[in-house]
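The values are calculated or read from the model by the stated rules, or taken from the named source; none is laboratory data. No experiment lies behind these values; they were computed from the predicted model shown. Note that we place each Cβ from the backbone using ideal geometry, even for glycine, and neighbour counts take in every protein chain shown.
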Amino acid sequence: AQTVTQSQPEMSVQEAETVTLSCTYDTSENNYYLFWYKQPPSRQMILVIRQEAYKQQNATENRFSVNFQKAAKSFSLKISDSQLGDTAMYFCAFMKHGSGGSNYKLTFGKGTLLTVNP
Amino acid sequence: NAGVTQTPKFQVLKTGQSMTLQCAQDMNHEYMSWYRQDPGMGLRLIHYSVGAGITDQGEVPNGYNVSRSTTEDFPLRLLSAAPSQTSVYFCASSRQGIYEQYFGPGTRLTVT
C-alpha cells in the first residue's frame, strides 16, 4: 500500500513571496503519478500540477513548480509570487500507473493549510 | 458541460436513517469514485467503478453501497447512517488512460 505524508499542517507566507510545501511518499511501485490539489474555502478540489514518475524533468505550471526527487520519494510544491487567492488547503496525492481500475485510485496526504498574508 | 455534479450540497440525517448521495458526470468518463474527507485526514477512497456494472471497494467501504447502472451516474447509499459517517463526500471521474480526476463540489453530511 502507498502512503503520502505532508509534515506541515499549516504554513503562512507574505504576498509576493515564495513558499515551498513538502510531501514525501512511500511505495514499491516504479511507475506512478504524483499530484498537488488545491482546496480553497469553496471546497472545490482543483488540480494544481501533475508529475509522471518516469519523467526526470520537474513539472511547472505558471507560478507553481515541483521538486521531484524519486530516489528520496519526495515531491515538494513551490509557489512563486504568492497571491491572496493561493490561500487554500493543499493536498499531495499518489496514483499508480497502468491499466485497470485500481490504478485510478488516489492516495492523499492529510493536507497543508496555506495562508497568504497581505 | 456541467462536469461532475453532486446533490444535495448539504444534508442532515438522524442515526439509522438511510439516504442516497447522487453523482453524475456528462463527460462520458469510464472511471468514477467516491471519497470522504474528514478533518486532518485528507481524502479517503470509499468505492470506485471502472464502468457500468462494475464496482469495487476502496479504503473505507463499510457502511456504504454503490451501483453503476449507467456511465453517467454513480450514487452512494448509506443504508443506516451513523455519526461516524459525518463527513464531506466527493465524487470524482476520469477517462480511461487519462489520470486527471475531475471532482464534484462535494456534499456535507451531518449525522446526529
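Observations
- Failed item in (1) without any contact (Cβ under 8 Å) to a residue 12 or more places away in the chain; (2) touching a Pro at 6+ places or on another chain (Cβ under 7 Å), with residue B:98 passing the rest: (2)
- Within the stretch B:53-68, at least one residue is in a loop (DSSP other than H, G, I, E, B), more than 8 Å from chain A (Cβ to nearest Cβ) and of a type in the set (Ser, Thr, Tyr).
- Matching entry among B:33, B:49 (being over 27 Å from residue A:112 (Cβ atoms) and touching a Phe, Trp or Tyr at 6+ places or on another chain (Cβ under 8 Å)): B:49
- Residue B:104 being within 14 Å of another protein chain (Cβ to nearest Cβ), surrounded by fewer than 14 Cβ atoms within 10 Å (Cβ to Cβ) and of a type in the set (Gly, Ala, Ser): no
- Verdict on residue B:66 being surrounded by 19 or more Cβ atoms within 10 Å (Cβ to Cβ) and in contact with a helix residue (DSSP H, G or I) (Cβ under 6 Å, 6 or more places away or on another chain): no
- The residues of the stretch A:14-33 that are at pLDDT below 95 and in contact with an Asp or Glu (Cβ under 9 Å, 6 or more places away or on another chain), listed by number, are A:31, A:32, A:33.
- Residue count for the stretch B:80-101, restricted to those that are farther than 17 Å from residue B:49 by Cβ, more than 10 Å from chain A (Cβ to nearest Cβ) and in a strand (DSSP E or B): 1
- Filtering B:77, B:44 for residues that are basic (Lys, Arg), touching a Phe, Trp or Tyr at 6+ places or on another chain (Cβ under 8 Å), in a strand (DSSP E or B) and closer than 19 Å to residue A:111 by Cα leaves a single hit, B:44.
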